[in-house]
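Reading through the structure tokens given below for one structure.
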Amino acid sequence: VKIGTMLSPSRSATLALALFFSTADAFSPHHGRIASVPHSRRQVVGVSRGPPSIFVSTTADADADNVVAEEEDASINSAIAQQCEVLILDHLNINHEKGRQDALKAFYFDFLGCAIDPRKYENYVAGSKTLWANIGMQQFHLPEGKPAAQVFDGVITLVYDDLEVLMERYNEYLDGDDKFAPLRETEFLVGVVDDMMMVTDPWGSQFVILSSDDPVEDRAAHVGAQPILEGHDPSEGLVMEDLTAYVNHGANLQGIGRFYEYVLGAPTIPDLSSDQSISVAMGERQTITFQYHPDGPDAEVAHYEYSLDPKEGGEASSLPFYPSNHGPHISLYVTNLSHAYKMAEKLGALYVNPRFKRRAYTEEEAIDQCMFRLMDIVDPLDEEREVIVSLEHEVRSAKTKDGKKYKSCPLLDV
């Protein structure tokens, strides 16, 4: 069915979503369905950066079990007194199917209208290897899979000035436009409910696309931007507003919030959280959300794909051994890399991915390279350090050790 105009807001969004996903053959049951999507913008501007209160027990069970001793509370609050903040969620790294850069280009550039990053333009012309697709200040890093594509187990929320353009492109796809031919016989699918679009990429990753109330503010070109290829326009998309990663039912959501506050100084946003999810501010314009999987308690969540590479670390090396992760990862910039490293180290959350050339095994190496990685999210109040969810983070410094802006940081002023 062709898309003409937005569905009437008076229609039941819940019913429409249920109908859309229950009748969409292109949605594999293995990938699940979007159980809920935001019906209003997730504004995070003006998030309080005051003294954290999340470490005070807020549940009856925690109070009953005396999980938080007064001295432990004081120790944790003291540890985060040295300010660290997240400035921006910079990119999502997700593999595409090897040999299918045609589908990658058709989706990210021809349909979504992302901008081609000039630093990977050579690969774009060659039709192989990694591409970077820019949207506002954010990016998708899109390496080739080994050989399969990754499916992000969650929802990626983007904001656009004009959804009509995307709807017209989908109509062109339905009309058989050759430009979108690579998307045929893939998972690609589009649906519209009220003032939002639900889009599935060629391999099953799910997007929610919202309409902007203030395009100038959402693009925030006065704050920063990714580089633009000479002679090309900026991305049509304005911002990657939220990444929602699914977690197992019963996962310690409050513990996830405590982790982000303890390690990165990123506060939880109560107004965007619920008993099924928790949203954490990624700077003043973005969020990362962890939500119980919509497929129910039996759904298995894994945001990692490990492989063992004996050439890196291990018995033949003085370096600690880490398995390579070929799963998705996120990248973010912080104000105090050294502090974040120390906090992650205390929780045993540090990680080195041998898949990438830059590897920080020590704090000194992290400062030299302006980055380190962490993987396992744990509750700072849990003495057993039980892993709540594993999701690779590339934590970057906005500044080099000599105080200059890091070359890849999209922000104008750091």
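The values are calculated or read from the model by the stated rules, or taken from the named source; none is laboratory data. Since the model is a prediction, treat every value here as computed from it, not as a measurement. Cβ atoms come from the backbone with ideal geometry, glycine included; neighbour counts cover every protein chain shown. When the accessible area is computed, the model is the full protein with side chains, heavy atoms only, and any ligands, DNA or RNA have been set aside. Shrake-Rupley method; radii C 1.70, N 1.55, O 1.52, S 1.80 Å.
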Does Pro143 meet the test of being open to solvent by less than 40 Å² (accessible area, probe 1.4 Å), closer than 29 Å to Tyr121 by Cβ and out of contact with any strand residue (DSSP E or B) (no Cβ under 9 Å at 6 or more places or on another chain)?
no
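Listed here are the residues, each with its yes/no results for (1) in contact with a helix residue (DSSP H, G or I) (Cβ under 8 Å, 6 or more places away or on another chain); (2) under 29 Å from Val151 (Cβ atoms).
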residue: Met198; (1), (2): yes, yes
residue: Glu217; (1), (2): no, no
residue: Pro227; (1), (2): yes, yes
residue: Gly231; (1), (2): no, no
residue: Pro234; (1), (2): yes, yes
residue: Ala245; (1), (2): no, yes
residue: His249; (1), (2): no, yes
residue: Ala266; (1), (2): yes, yes
Which one of the conditions (1) among the polar types (S, T, N, Q); (2) at pLDDT 95 or above; (3) surrounded by 17 or more Cβ atoms within 10 Å (Cβ to Cβ) does Asn325 fail to meet, given that it meets all the rest?
(2)
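The rows are residues; the columns are (1) open to solvent by 20 Å² or more (accessible area, probe 1.4 Å); (2) touching a residue at least 12 places away in the same chain (Cβ under 8 Å); (3) not basic (Lys, Arg).
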site	(1), (2), (3)
Glu172	yes, no, yes
Met196	no, yes, yes
Val208	no, yes, yes
Pro227	yes, yes, yes
Glu230	yes, yes, yes
Gly237	no, yes, yes
Tyr260	no, yes, yes
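Against the definition (at positive phi and modelled with pLDDT of 95 or more), how does Gly348 come out, yes or no?
Numbers: at positive phi: yes; modelled with pLDDT of 95 or more: yes.
Considered against the rule, which asks whether it is at positive phi and modelled with pLDDT of 95 or more, Gly348 comes out as yes.
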State whether the residues of segment 241-253 include one that is within 30 Å of Tyr292 (Cα to Cα), in a strand (DSSP E or B), charged (D, E, K, R) and modelled with pLDDT of 95 or more.
yes
In the set Leu381, Leu374, Leu391, the lone residue that is assigned to a loop (DSSP other than H, G, I, E, B), open to solvent by less than 60 Å² (accessible area, probe 1.4 Å) and not small (Gly, Ala, Ser) is Leu381
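Is it the case that some residue within segment 152-170 is farther than 30 Å from Gly296 by Cα, among the β-branched types (Val, Ile, Thr) and open to solvent by 50 Å² or more (accessible area, probe 1.4 Å)? I'd like the intermediate steps shown before the answer.
First pass over segment 152-170, keeping only residues farther than 30 Å from Gly296 by Cα: 160-170.
Subset that is among the β-branched types (Val, Ile, Thr): 165.
Among the residues that remain, those that are also open to solvent by 50 Å² or more (accessible area, probe 1.4 Å) are: 165.
Scanning segment 152-170 turns up at least one residue that is farther than 30 Å from Gly296 by Cα, among the β-branched types (Val, Ile, Thr) and open to solvent by 50 Å² or more (accessible area, probe 1.4 Å).
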In segment 301-319, the residues that are part of a loop (DSSP other than H, G, I, E, B) and modelled with pLDDT of 90 or more:
Val301, Ala302, His303, Tyr304, Glu305
For segment 81-113, which residues satisfy the criterion of being part of a strand (DSSP E or B) and closer than 30 Å to Met343 by Cβ?
Val86, Leu87, Ile88, Leu89, Asp90, His91, Leu92, Asn93
Unique match (being part of a helix (DSSP H, G or I) and among the charged types (D, E, K, R)) among Glu168, Glu187:
Glu168
Evaluate the following for Pro182: is it farther than 22 Å from Gly136 by Cβ and either touching a Ser or Thr at 6+ places or on another chain (Cβ under 8 Å) or among the polar types (S, T, N, Q) (or both)?
no
Quick check on Lys120: is it under 24 Å from Ser397 (Cα atoms), without any contact (Cβ under 8 Å) to a residue 60 or more places away in the chain and open to solvent by 10 Å² or more (accessible area, probe 1.4 Å)?
yes
Quick one: would you say Ser273 is of a type in the set (Gly, Ala, Ser), out of contact with any Asp or Glu (no Cβ under 7 Å at 6 or more places or on another chain), within 26 Å of Lys357 (Cβ to Cβ) and free of Cβ contacts under 8 Å to residues at least 60 places away in the same chain?
no
